[in-house]
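Reading through the structure tokens given below for one structure.
The values are calculated or read from the model by the stated rules, or taken from the named source; none is laboratory data. The structure presented is a predicted model; accordingly, all values stated were derived computationally and were not measured. Cβ sites come from the backbone with ideal geometry, for glycine too, and all protein chains shown count toward neighbours.
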Amino acid sequence: MGIKSEKSIIECCRVKIQEKLGLRKKPKIEISIRKLKGPDGRGAYSLPKHDIVVNESIELSNDTQSFDKAISQFREQYYSLYRNTLKQSIYKIYLIEPLVHLGKATVAGGFNWIIMGILNDGKKYAAILEVEVRPIMRKCGLMTLMKHEEIKLAERKKCDFIHTWHWSENPFFVSAIASGFSTGFVLYHGKKENGEDDGEGYENDGYVHLRYYFDRKAKNVRVLFTDGTEFKSPRDNDDILKHLKKINKTYPYPGRKIKKIEATE
């Protein structure tokens, strides 16, 4: 599945938003990337204001104090990455937003919150702390647009990989996974050298992880569903997505049906 250009993705979003909201004209969409300030003396980060007037910014729909607690949220969500991060390195934190111009008003169509760090082995990662699309603009392609911008940012910052995860009980699980698959992500389950889990929450705990490798050297992993169906990722990503969509027709939480993801030859 090829990766579309930014221009074509934005145009697709414009058309879908116009149709969904019944607008006379296609709205203009621009990408905002804000780097959080910090860390301060307490180790906290803060979100700077937009350079332009945004009538409904993400700060109005999200607890702004949560941005100050980026490190504690990262520690809770990515136990293994946090534990293996080079202690003297300084985290870099970014917020990506598609700004949608609706007449004289400008609103944030969603946000993608990213933290970057360096592991003890020298590899640099980008971990996704939270990603969300404004409810009224869901199914308009903004998730794919933010995923595209996420990859561009991580590549520009010379990351080796991007790591993200999704709740198995997310009612929008299929669309969340689809935006990752369409841009080259693969399913992931980490292991310690002795074969045990690395401490993160995985399928048994209700989480499904994905990674994007910039060197394109991802090895296939075995993906087993509760109905006995088996695939390999990334080789069978298109078939995995089709299977999830099939499940979703009769079951609201298809992510629960992923039983096991494990390394294979």
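A few comments on the model shown:
- Looking only at the stretch 200-235, residues that are among the polar types (S, T, N, Q) and in contact with a His (Cβ under 9 Å, 6 or more places away or on another chain) come to 1 in all.
- Members of the stretch 86-101 found to be touching a strand residue (DSSP E or B) at 6+ places or on another chain (Cβ under 6 Å), at pLDDT 90 or above and not basic (Lys, Arg), listed by number: 86, 91, 93, 94, 95, 96, 97, 98, 99, 100, 101
- Residue among 83, 75, 42, 24 that is at pLDDT below 90, surrounded by fewer than 16 Cβ atoms within 10 Å (Cβ to Cβ) and among the basic types (Lys, Arg): 42
- Cβ-Cβ under 8 Å pairs, at least 6 apart or on other chains, the stretch 219-247 side without any contact (Cβ under 8 Å) to a residue 60 or more places away in the chain, far side assigned to a loop (DSSP other than H, G, I, E, B) and among the basic types (Lys, Arg): 220/235
- All conditions but one from (1) of a type in the set (Asp, Glu); (2) buried (at least 16 other Cβ atoms within 10 Å of the Cβ); (3) not assigned by TED's automatic domain parsing to the domain that holds residue 131 apply to residue 149; the one that does not is (3).
- Residue ID - modelled with the lowest pLDDT, chosen from residues in the stretch 209-229 that are in a loop (DSSP other than H, G, I, E, B) and in contact with a strand residue (DSSP E or B) (Cβ under 8 Å, 6 or more places away or on another chain): 218
- If only residues of the stretch 45-61 that are surrounded by 11 or more Cβ atoms within 10 Å (Cβ to Cβ) and assigned to a loop (DSSP other than H, G, I, E, B) are counted, the one that is modelled with the lowest pLDDT is 57.
- Counting only strands (runs of 3 or more DSSP E) that fall entirely inside the stretch 74-172 and contain at least 2 residues that are among the hydrophobic types (A, V, I, L, M, F, W, C) and over 23 Å from residue 32 (Cβ atoms), the qualifying elements are 161-167.
- Single residue of the stretch 166-184 satisfying the filter (under 17 Å from residue 243 (Cα atoms) and hydroxyl-bearing (Ser, Thr, Tyr)) that is surrounded by the fewest Cβ atoms within 10 Å (Cβ to Cβ): 175
- If you check 80, 89, 72 for being of a type in the set (Gly, Ala, Ser), under 29 Å from residue 201 (Cα atoms), assigned by TED's automatic domain parsing to the domain that holds residue 124 and more than 21 Å from the chain's Cα centre (by Cα), only one passes: 89.
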